[in-house]
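The values are calculated or read from the model by the stated rules, or taken from the named source; none is laboratory data. Since this is a predicted model, take the numbers as computed values, not measurements. Using ideal geometry, Cβ is built from the backbone for each residue, glycine included, and neighbour counts are taken over all protein chains shown.
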Amino acid sequence: MKTKADSRTETVKCRVTVEELLDIDEKAYQLQTSRSDYLRRLIFDKEVVIYDFSALDNLTAQIGKIGVNINQIAKKLNQGDNLDKGNAEYLVGAMETIHESIKKIYRDTIKKKSEGG
């Protein structure tokens, strides 16, 4: 028996199309439950994953800067200049930076996933 503390007193509203509402009602019917119970199951009985893309934003900015430098090097090479040791070292270092950043993002993502976050 429900107690007063267990009763649901709040309403959540969400706009959907007629087709979406029909789809929700059909799925609730198939589960032999009410629309409200079906939607509560969708919301509360599933894991919600939230991704943090801030590390990717930083990496994207770094790759953009590296791309500008690579374009400058390519322009010099197309003009007949030789690739000097400094430019070659820069390219290798840039690629290592990108690789390490990707590995860190991957490790952090796996760590958060294993911690349940």
Notebook entry, point to check: Out of all the residues in segment 11-47, which are loosely packed, with under 12 Cβ neighbours inside 10 Å, over 28 Å from the mean Cα position of the chain (by Cα), not in a helix (DSSP H, G or I) and not hydrophobic (A, V, I, L, M, F, W, C)?
Noted result: THR11, GLN32
Next item on the list: Test VAL92 against the stated conditions and say whether it is at pLDDT 80 or above and loosely packed, with under 12 Cβ neighbours inside 10 Å.
Entry: yes
Notebook entry, point to check: Within segment 81-88, is even one residue at pLDDT below 80, touching a helix residue (DSSP H, G or I) at 6+ places or on another chain (Cβ under 7 Å) and surrounded by 10 or more Cβ atoms within 10 Å (Cβ to Cβ)?
Noted result: yes
Notebook entry, point to check: Quick one: in segment 48-76, which of the residues that are exposed (fewer than 13 other Cβ atoms within 10 Å of the Cβ) and either among the charged types (D, E, K, R) or touching a Leu at 6+ places or on another chain (Cβ under 6 Å) (or both) is nearest to THR109 (Cα to Cα)?
Noted result: ASP52
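This table checks each residue for (1) among the charged types (D, E, K, R); (2) free of Cβ contacts under 8 Å to residues at least 12 places away in the same chain.
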{"residue": "ASP23", "(1), (2)": "yes, yes"}
{"residue": "ASN71", "(1), (2)": "no, yes"}
{"residue": "ASP81", "(1), (2)": "yes, yes"}
{"residue": "GLY93", "(1), (2)": "no, yes"}
{"residue": "LYS104", "(1), (2)": "yes, no"}
